[in-house]
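Each value in this text was obtained by applying a stated rule to the coordinates, not by laboratory testing. Keep in mind the model is a prediction, meaning the values are calculated, not measured. Note that we place each Cβ from the backbone using ideal geometry, even for glycine, and neighbour counts take in every protein chain shown.
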DNA sequence: ACATTAAGTGGTG
DNA sequence: CACCACTTAATGT
């Protein structure tokens, strides 16, 4: 986990439970708390006027939730939505920043975390900028597998629904389904019981 | 068993 | 491709 739970609690942290699809915070809200996931899955997303959803990040156990906004005094540009029942620890912004002041080692861990996620975002942006859907999908698959320890072919299982994958790549569900099937035919990907392995 | 969500297919613009 | 309509498969209560 990013920051020790006990340390967060001793700095004003409180435990909160959310059900699947609950909002943890929403677009345009001013950030007031630091959030860290104890258990469960959370997505950062944005809903366009036309109803289309863009998933910006997928977060899980130990991750902090859009912590960078606590440093810029701006409203959230994304929603944080629980994707499963989950438990988070929440620390008021003021307490959180004070803790970082008092503990340079923790501050260092946080800045490294932010730098790391930003570096990953750069890679993902390169995928998103691809004009061809084919490249966006393959780039995203490679991107996900790059964080997975086993690099051998078909070792990585895509744990997302086609719809979620579409929301990440900015494509339609049908397009994702069709390309994944093409990739299966060409041997780039395996599909077993509807599960995708790359 | 019935409702809901996800996967997959065809066709149009 | 996106978008729409629709079928089939899988899950949930």
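On the principal axes of its alpha carbon atoms, segment A:5-121 extends 46, 27, 24 Å, with the longest extent given first.
Put the Cα centre of segment A:127-155 next to the Cα centre of segment A:26-51 and the gap is 24 Å.
Between residue A:192 and residue A:150, how high is the FRET efficiency from 1/(1 + (r/R0)^6) when r is the Cβ-Cβ distance and R₀ = 22 Å? Nearest 0.05.
That gives a FRET efficiency of 0.85.
Footprinting exposure proxy ranking of A:89, A:192, A:3, fewest other C-beta atoms within 10 angstrom first, gives A:192, A:89, A:3. The helix-based estimate of mean residue ellipticity at 222 nm for chain A, built from -39,500 (n - 2.57) per DSSP H run of four or more residues and divided by its residue count, is -12000 deg cm²/dmol to the nearest 500. Counting neighbouring beta carbons within 10 Å and listing from fewest to most, the residues A:23, A:34 come out as A:23, A:34. Computed over the alpha carbons of segment A:100-185, Rg followed by Dmax gives 16.3, 57 Å.
Counting Cα-Cα pairs of chain A in 10 Å increments starting at 0 gives whole-percent bin shares of 8, 31, 34, 19, 7, 1.
In the elastic network of chain A, a GNM with C-alpha springs shorter than 10 Å, the most mobile of A:161, A:140, A:169 is A:161.
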